[in-house]
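Novice: Sending over a structure as structure tokens; questions will come in a sec.
The values are calculated or read from the model by the stated rules, or taken from the named source; none is laboratory data. For clarity, every value in this text was computed on a predicted model and none was experimentally measured. Cβ: placed from backbone, ideal geometry, glycine included. Neighbour counts: every protein chain shown.
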Amino acid sequence: MDRRVLVLIGTKKGAFILEGGADRDAPWRLRGPLCEGWPINHVCQDAATGRLYAGGGNPWFGAAVWRSDDLGETWTHSSEGLNYGLDASPLRSVWHLTPAHGALYAGVEPAGLFRSSDGGLTWAHVEGLREHPSRPDWKPGNGGLICHTIIAHPDDPERMWVGISAVGCFATENGGRTWEARNRGVRVDFMPDKYPETGQCVHKMALASGMPDRLYQQNHCGTYRSDDGGRSWICLDDGLPSTFGFPMVAHPRDPDTAFTVPLNGDDRGRFVPDARMAVWRTSDGGASWRALRDGLPQEQAYLGVLREAMAVDDLDPFGVYVGTSTGQVFASRDEGEHWARIADLLPPVYSVEAAVVAA
Amino acid sequence: MATVVLPRSLVALFPGAERRVGVEGSTVDEVIDALDARWPGMRDRICVPGPALREYINVFVDTRPADLQTPVPPLGVVHVLPAVAGGATAG
């Protein structure tokens, strides 16, 4: 079957789609801006239905989830039920979308989780998360108090992890009725107590392929791995140039391989170190790291990569895609060894995902 | 019947919606109900739960600033306008 690759891009000013062949060689065709130019934090595909979803928030019109049934040619939006009712602040934005087990989940700001069972047309609040005893102590990170990561267990619909900044990792094993904070071993450099139960500034988590109790985490304060479903974390900072970065992506098949993009630090401009861009890859579960630079800008690169702005496809060899805060998108078709710039001069890139579809 | 004038950025979100539309309603809240009946979901773009107007959405009845309770005369003109403020994150 002939296939093509869609790189789904969320930006400060709308969604975009880069469309290319399965060889992931040039040319890439750019479509957009989509979703009426709204700030779009995440665009993804539900592989089960082929449908595309985009989540974001417009400063005038509020938060909404956009949906396309024709691979991005046309879009509709809804926020029916996407609110906390009368007793809480209105939602500012949708930060992350995860299709799983026939449902669609949305992580939002102010932090919370919503579930749709009709493809994003209507939403129900997963109340158990905000009923966690730590809720009165939740504090925002620099991006706000946001639920930005949702990871569904691949087999068990009762199990799920979420990441909230700056609160930490939470997990449910009963379909969202109750949640447990899972942050043991994750450092909080900006608090007097470096290892509290919650208050961690998780930036992104990724589930290892084939090992559903292994998670990788890029945090404001370090890079981590858990082999027990998040109950405890070990620090993987050795070999990385910085403890600060945003994205974390796992290999589509190998649980020992993951990618991150360290930045120079939270108080130093949040650029790639030395203005030389690199994606860092571990192939041994985080025991060691290697910088992948071939084809990425190596001078005067005053750019960052945000939490949602790196992704892999599931081809073999798989492709890696990275979007920058300065509007470039880079792609590698050989698992990160070599890179090419496939878009430039976009608005600041908030998210990147890859979808492989029929040609 | 009142006349409602809607902003381009709102109309663009609802296929078939029109910039200038006649609706029934004796208050701004009822006018918005009528808009929502015609284009489901439009209330969510103008109002937050409460209900109240969104922070950066301004409504005028016959050119005077209004809120949801403001009466709308039978031949009144209701303008819905995004505030000039509010675009800080839009850049």
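Novice: Touching an Asp or Glu at 6+ places or on another chain (Cβ under 8 Å), at pLDDT 95 or above, under 13 Å from residue A:353 (Cα atoms) and aliphatic (A, V, I, L, M) - does that describe any residue in the range A:73-92?
Specialist: No, that holds for no residue.
Novice: If I filter the range A:202-240 down to residues being basic (Lys, Arg) and over 16 Å from residue A:166 (Cβ atoms), which single residue comes out as surrounded by the fewest Cβ atoms within 10 Å (Cβ to Cβ)?
Specialist: Looking at residues that are basic (Lys, Arg) and over 16 Å from residue A:166 (Cβ atoms), I get A:231.
Novice: Show me the strands (runs of 3 or more DSSP E) entirely contained within the range A:5-124 in which 3 or more residues are within 10 Å of chain B (Cβ to nearest Cβ) and buried (at least 24 other Cβ atoms within 10 Å of the Cβ).
Specialist: A:62-68
Novice: Further question: Tell me which of these residue B:49 doesn't satisfy, since it passes every other one: (1) modelled with pLDDT of 95 or more; (2) touching a Gly at 6+ places or on another chain (Cβ under 9 Å); (3) within 14 Å of another protein chain (Cβ to nearest Cβ).
Specialist: Residue B:49 satisfies every listed condition except (1).
Novice: Another one. Restricting attention to the range B:27-43, does a residue exist that is in a helix (DSSP H, G or I), more than 24 Å from residue A:121 (Cβ to Cβ) and within 14 Å of chain A (Cβ to nearest Cβ)?
Specialist: No.
Novice: Something else now. Report yes if residue B:7 is within 14 Å of another protein chain (Cβ to nearest Cβ), surrounded by fewer than 19 Cβ atoms within 10 Å (Cβ to Cβ) and not β-branched (Val, Ile, Thr), otherwise no.
Specialist: yes
Novice: Hey, among the residues in the range B:17-55 that are touching a residue at least 24 places away in the same chain (Cβ under 8 Å) and among the β-branched types (Val, Ile, Thr), which one's surrounded by the fewest Cβ atoms within 10 Å (Cβ to Cβ)?
Specialist: Applying the filter and picking the extreme gives B:27.
Novice: Where in the range A:178-260 are the strands (runs of 3 or more DSSP E), entirely inside, with at least 1 residues that are more than 20 Å from residue A:146 (Cβ to Cβ)?
Specialist: Hits in the range A:178-260: A:222-226, A:244-250.
Novice: While we're on this one: Any idea which of (1) touching a residue at least 60 places away in the same chain (Cβ under 8 Å); (2) assigned to a loop (DSSP other than H, G, I, E, B); (3) within 14 Å of chain A (Cβ to nearest Cβ) is the one residue B:73 doesn't satisfy?
Specialist: Condition (3) is where residue B:73 drops out.
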